[in-house]
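Colleague: Following this message is one structure expressed as structure tokens.
The values are calculated or read from the model by the stated rules, or taken from the named source; none is laboratory data. Keep in mind that what you see is a predicted model, and the values were worked out from it rather than measured. Virtual Cβ from ideal backbone geometry, glycine too; neighbours counted across all protein chains shown. Ligands, DNA and RNA are excluded from the accessible area calculation, which covers all protein heavy atoms including side chains. Shrake-Rupley method; radii C 1.70, N 1.55, O 1.52, S 1.80 Å.
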Amino acid sequence: MLKKYFDYENNYEKLQDKIKELKKLSEQLDYNLDGEIEKLERQMENIRHSKYRNLSPWEKVLLSRHPERPVVREYIDFLLDDFIEFHGDRLYGDDKAVIAGVGSFEGHALTVLAHQKGKGTNEKIAHHFGMPHPEGYRKVERLLLQSEKFKRPVLNLIDTPGAFPGVGAEERGQASSIARVLMTLSDLKVPVISIVTGEGGSGGALALGVCDRLFMLANSVFSVISAEACASIIFKETEKTQEMAAALKLTAQDLFELGIADGIIPEPVGGAHLDFDATALNIAECIRKNLQELTTVDMNRLLTERYNKIRSIGQYTESISNF
Amino acid sequence: MFENVLGKKKYIPLTPSSKADPSALSGNQKTCPVCIRLKSGQQSFAAERVCPACKYHFPMSAWERIDHLTDPQSFEELDKDLVSINILDFPGYDEKLKAAAKNSGLKEAIICGKAMIGGYQTILAVMDSSFMMGSMGSVVGEKVCRAAEKAMELRIPLIIITASGGARMQEGMISLMQMAKTSAVLKKFHQSGLLYISILTNPTTGGVSASFASLADIIIAEPGALVGFTGPRVIAQTMGQKLPAGFQCSEFLLEHGQADLIAERSELKHILQCILKLYQGGSHA
């Protein structure tokens, strides 16, 4: 069976408890073990660092879905002052899988559009695990056009397994609602920054990923299909999931090399959930720098560069094929 | 032991479209595999691949569609030498491409060209699901974009006939980004004031339905085609939901306001001709 948590995560916790016990014991017995304890702690950190530097793509997938991983709402609360959430698509309803609103980032008004997964079972269910319905995408489209009207830059935060797979979603036009957002974003006359904070799942994630600059947190992933589904389609078995996670080239590092991601935002050792503030500060630095650059670019140039970037994605040959 | 890791439920009963084996419809076939009735109108069965008794629309290859819709000898293929490469070194992709080319006789899942339809000049792109389920990788994305760009250059309408299971996973994120790429080009296309008609055939799902297939001025669906974003099997499995009858077929689409009209194959050319006439050749700008 595939594990949701890392074994070594638990092992570290156990080791840490042992060290604590040792500390306590040394106090109780009035026996100085400080040197040994320090050595042990250093050793443990070293193992941890080297492990996290070499995570496999599948381990990164797991980390990107870690139950403790910060959700977009936490980043929004940290990054923006006076954030006001806006609801509804004005057509059918409000989708809780998408947070949309306006807030102030270091004095600059930003529109924020984000997938909200929620934490804990109740919250997750309420937010549909971050899987938007067409209402969510239409809310996004509505606020994108509003951003354009008020010349307000857009920040997209991506964290979703994908668009919601359901009867209602299909009845209300899941496909066209996503397509319309893709088209709207391709030519939106304001700077757009997208950041993958956790899981970027397929078309449902891509709807927030058409932008001037796409960044990914170091342990986030972005994929055309989940590794599990890919393994089950190609091999009819899920044993190959880890292999497929590697083959799909879905990690931030892979996508930076492929030129899909424009940059990687560092995370603390062990993942964003171990030091939320440090992660959020790294995100803030990224937004600050890029917002500054993008807002000074002439709008025509910005749109041309965005278009050219999207238009040039793809590799093929044009010679007469051998087969 | 890995049989049921994903909690797969039993597969749901499939619509006739998937039950019928397209290869079953050979020239000598005496009965329609869907309605099991004797076919009466031999001619219509062969030329349009529609059962005269139950009106079931059998899969049609891209070339058959081109022959069926365009004025004789008017089709000039564009970008015909574009072929896929294994960008990510994805295991088994090279073999799959070879097998698909061999079995379908095509170089990729789409054929594009300049064509006359009822005397009107158009750019016509036709997908073929016999090439890797019509999945969209770099080549399909690029050919759709080039088709739209050619139509803009010549100031003539664009017609795309879709048949696709979605993005081609063997090209990873690069295939997903083709959704963004085709949508971006179509934004420019619409700004240029030209007409774009998409014709949805069985199946049109995933990344193709959530990009260029849904972005047309006029969306026409073939009867009984499966059209949607998430496939019915995945919805049934993930949600444990029983699917309503006729879910995601063209008629469902029409009822829920997702398509402009349903056109039977026999009337499609006439309808296109009427639209092209009403839209003044599709280049009224």
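Colleague: Could you report the protein assembly as shown's accessible area per residue, 1.4 Å probe, as an integer in Å²?
Modeller: 43
Colleague: Sticking with the crude label model, points 7 Å out along Cα→Cβ, report the distance from residue A:308 to residue B:67 in nm, one decimal please.
Modeller: Those two pseudo-labels are separated by 4.5 nm.
Colleague: Roll a 1.4 angstrom probe over the protein heavy atoms and tell me the percent of accessible area of the protein assembly as shown that is carbon or sulfur.
Modeller: Carbon with sulfur: 52 percent of the solvent-accessible area.
Colleague: Provide the per-residue ³J(HN,Hα) series for the stretch B:78-86, in order, calculated from phi with Karplus coefficients 6.51, -1.76, 1.60 and θ = phi - 60°, each as a whole number of Hz, with x at glycine and proline positions.
Modeller: Using θ = phi - 60°, the values come out as 10, 6, 7, 9, 6, 10, 6, 10, 7 Hz.
Colleague: Cross-link candidates for residue B:242: which lysines have Cα within less than 17 Å, leaving aside residues fewer than 8 places away along the same chain?
Modeller: Excluding near neighbours in sequence, the set is B:8, B:9, B:10.
Colleague: Same structure, new question: Using a Förster distance of 51 Å, how high is the FRET efficiency between residue B:274 and residue A:239, based on the Cβ-Cβ distance and rounded to 0.05?
Modeller: Efficiency computed from Cβ-Cβ geometry: 0.40.
Colleague: Given a 1.4 Å probe, show me the residues in the stretch B:236-255 buried by at least 40 Å² of accessible surface when comparing the whole protein assembly to the chain alone.
Modeller: Checking the loss per residue gives B:239.
Colleague: Based on Cα coordinates alone, diagonalise the gyration tensor for the stretch A:62-311, multiply each eigenvalue by 5, take square roots, and list the semi-axes in whole Å, largest first. Numbers along the way, then the final one.
Modeller: Values: eigenvalues 130, 90, 72 Å².
Whole-Å semi-axes of the equivalent ellipsoid: 25, 21, 19.
Colleague: Oh, and also: Just add up the charged neighbours of residue A:109: K/R +1, D/E -1, any other residue whose Cβ is under 15 Å from the Cβ of residue A:109.
Modeller: With Lys, Arg at +1 and Asp, Glu at -1, the net is -1.
Colleague: Out of residues 5 or more away from residue B:202 or on other chains, whose amide H comes under 5 Å of its own, with H placed 1.01 Å from N in the peptide plane?
Modeller: Correct list: B:226.
Colleague: Moving on. Under a 5 Å amide H to amide H cut-off, with H placed in plane at 1.01 Å, what residues pair with residue A:119 once short-range neighbours are removed?
Modeller: A:124
Colleague: In the structure shown, do any of A:60/A:149; B:98/B:277; A:18/A:124; A:119/A:249; B:102/B:277 have a Cα-Cα gap over 32 Å, and if so which?
Modeller: As for pairs spanning more than 32 Å Cα to Cα, those are A:60/A:149; B:98/B:277; A:18/A:124; B:102/B:277.
Colleague: Starting from the eigenvalues of the Cα gyration tensor, five times each then square-rooted, give me the equivalent ellipsoid semi-axes of the stretch B:143-285, largest first, whole Å.
Modeller: Over the Cα atoms of the stretch B:143-285, the ellipsoid semi-axes are 27, 20, 10 Å.
Colleague: Moving on. Ignoring ligands, DNA and RNA and using a 1.4 Å probe, state the total buried accessible area between A and B in Å², rounded to the nearest 100.
Modeller: Chains A and B together bury approximately 5400 Å².
Colleague: Sticking with this structure for a sec: Rounded to the nearest Å, what's the spacing between the alpha carbon centres of the stretch A:35-96 and the stretch A:110-152? Just the number, please.
Modeller: When both Cα centres are located, 19 Å separates them.
Colleague: Give the relative contact order (percent, whole number) for chain A; include only Cα pairs under 8 Å separated by 6+ residues.
Modeller: 15
Colleague: Next question, about the same structure. Give, in nm to one decimal, the length gained when the segment between residue A:299 and residue A:84 is fully stretched (0.36 nm per residue of separation minus the Cα-Cα distance).
Modeller: Gain on extension, residue A:299 to residue A:84, equals 74.7 nm.
Colleague: What is the magnitude of the charge dipole of the protein assembly as shown about its Cα centre, with +1 placed on the Cβ of each Lys and Arg, -1 on the Cβ of each Asp and Glu, and no other charges, expressed in debye to the nearest 20? Show your work: numbers first, answer last.
Modeller: Numbers: 69 positive and 74 negative charges, 332 e Å.
Using Cβ point charges on Lys, Arg, Asp and Glu, the protein assembly as shown gives about 1600 debye.
Colleague: Would you rank B:279, B:196 by solvent-accessible area, highest first, keeping every protein chain in place and using a 1.4 Å probe?
Modeller: B:279, B:196
Colleague: Rounded, prolate or oblate: pick one for the stretch B:156-206, where a ≥ b ≥ c are the square roots of the eigenvalues of its C-alpha gyration tensor, a/c under 1.5 means rounded, and failing that, prolate if a/b is larger than b/c, else oblate.
Modeller: oblate
Colleague: Then there's this: Find the eigenvalues of the gyration tensor of the Cα atoms of the protein assembly as shown, then list the square roots of 5 times those eigenvalues as equivalent ellipsoid semi-axes, largest first, in whole angstrom.
Modeller: The equivalent ellipsoid of the protein assembly as shown has semi-axes of 46, 28, 22 Å.
Colleague: How much net charge surrounds residue A:96 when only other residues with a Cβ under 10 Å from its Cβ are counted (Lys, Arg +1; Asp, Glu -1)?
Modeller: -4
Colleague: If I model a spin label at residue A:253 and residue A:94 as a point 7 Å from the Cα along the Cα→Cβ vector, what separation in nanometres do I get?
Modeller: 4.2
Colleague: Using modelled backbone amide H atoms (1.01 Å from N, in-plane), which distant-in-sequence or interchain residues come within less than 5 Å of residue B:210's amide H?
Modeller: none
Colleague: While we're on this one: Take every Cα pair under 8 Å in the stretch A:6-161 that's 6+ residues apart, average their separations, divide by the length, and report that relative contact order as a whole percent. Before the final figure, lay out the partial values.
Modeller: Values: 199 pairs, mean separation 28.5, N = 156.
Computed over the stretch A:6-161, the figure is 18 percent.
Colleague: I would also like to ask the following. Compute the accessible area of each residue in the stretch A:279-323 twice, once for its chain alone and once with every protein chain present, using a 1.4 Å probe on heavy atoms, and list those whose area falls by at least 50 Å².
Modeller: By number: A:307, A:310, A:311, A:313, A:315, A:316, A:317, A:318, A:323.
Colleague: Also, quick follow-up: Taking the Cα centre of each part, how many Å lie between the stretch B:120-180 and the stretch A:172-241?
Modeller: When both Cα centres are located, 19 Å separates them.
Colleague: Please state the shape class of the stretch A:7-54: rounded when a/c is under 1.5, otherwise prolate if a/b exceeds b/c and oblate if not, all from the C-alpha gyration tensor.
Modeller: Oblate, since a/c reaches 1.5 and b/c is not below a/b.
Colleague: Can you tell which of B:134, B:162, B:237 lies farthest toward the positive end of the dipole of the stretch B:60-282, using +1 and -1 charges on the Cβ of basic and acidic side chains (Lys, Arg; Asp, Glu)?
Modeller: B:237
Colleague: Take the Cα atoms of the stretch A:104-185, build their convex hull, and give its volume per residue in Å³. Intermediate results must be reported in sequence, preceding the final value.
Modeller: Details: hull volume 7.9 nm³, N = 82.
Taking only Cα atoms, the stretch A:104-185 has a hull volume of 96 Å³ per residue.
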